[in-house]
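Shown next, in structure tokens, is the structure this report addresses.
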Amino acid sequence: MIKNIVLFLMFLALNACASQKPHIEKSTPKQTDASIKIIDKPIIFKKERIAMTKSYIASHYGKHVNTIQITPKIIVLHWTAEMSFDKSFKRLQPQRLLSDRKDIAKASALNVSAQFLVARDGTIYRLMPENWMARHVIGLNYSSIGVENVGGKNNKIDDLTPAQVQSNIKLVRYLKAKYPTITYLIGHHEYKQMESTPLWLEKDKGYRTNKSDPGSNFMSKVRKAVKNLNLKKPPRH
């Protein structure tokens, strides 16, 4: 009798356990982790480039710094004016400026760079630490993250691809989520309009170049898709 009672109680206990659903802790992935794929493909950024970057910051921005870390406040979109990914990467890779960049050579021997390079198929490559200063835009390097897009034939044709548009949209969203300090989204061709803002630091009044990248059409598409982020355009003059 006692044995039957014990068996009956065990049966009830097993049924009760079976009817309860196990509680599983679910972690909601952050937008910065779940919505974008970034491939690390480092350019050369060793002691020489770091030292030249510090020197650039001192001579152009009047700041004497111990590190080249920045607080990102602007995202600047570009095109490379080169249709080949490999050639685009090789231009950014060396530490010192290439000999054909006489237009900016007087300002510094520091090579141009950007934190990101987007291939024509939309693949996103990270070239250097996101919060290290890159030389990609006059006057604003100390607070900006640069995104280069392979294309812009002869530095005139707005031929960036739909895949690049989508990748830039994802990248802007990723960066804004990761760095809430970012308040501006601009195209390289708009950089002079930032001179009236506190973020403009260039001390050399004669150091300016004319830019057409990445074009108003490309910027319009990206801005429309990230409108909810409330990123500012450059002030109008």
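Short-range pairs are left out: with C-alpha atoms under 8 Å and at least six residues apart, the relative contact order of the stretch 34-229 is 28 percent. Counting only Cβ charges, +1 for Lys and Arg and -1 for Asp and Glu, the dipole size of the chain around its Cα centre is about 280 debye. Give the shape of the chain as rounded, prolate or oblate, defined through the alpha-carbon gyration tensor: a ≥ b ≥ c are the square roots of its eigenvalues, a/c under 1.5 means rounded, and otherwise the shape is prolate if a/b is larger than b/c and oblate if not. Taking the square roots of the gyration eigenvalues as a ≥ b ≥ c, the chain is prolate.
Estimate the FRET efficiency between residue 39 and residue 69 by the formula 1/(1 + (r/R0)^6), using the beta-carbon distance for r and 30 Å for R0, to the nearest 0.05. Once rounded, the FRET efficiency stands at 0.85. In plain terms, the residue of 223, 126, 236 with the fewest other Cβ atoms within 10 Å comes first and the most crowded comes last, giving 236, 126, 223.
Within the shell defined by Cβ-Cβ distances under 11 Å, the residues around residue 113 carry a net charge of +2, with Lys and Arg each +1 and Asp and Glu each -1.
In this label model, residue 204 and residue 59 are separated by 0.6 nm, measuring between points 7 Å along each Cα→Cβ vector. In this simple spin-label model, placing a label point 7 Å from the Cα along the Cα-to-Cβ direction at both residue 109 and residue 236 gives a separation of 4.5 nm.
Only the coordinates and a few stated rules stand behind these numbers; no lab work does. Note that this is a predicted model, so its numbers are computed, not measured. Positions of Cβ are generated from backbone atoms using ideal geometry, with glycine treated the same way; all protein chains shown enter the neighbour counts.
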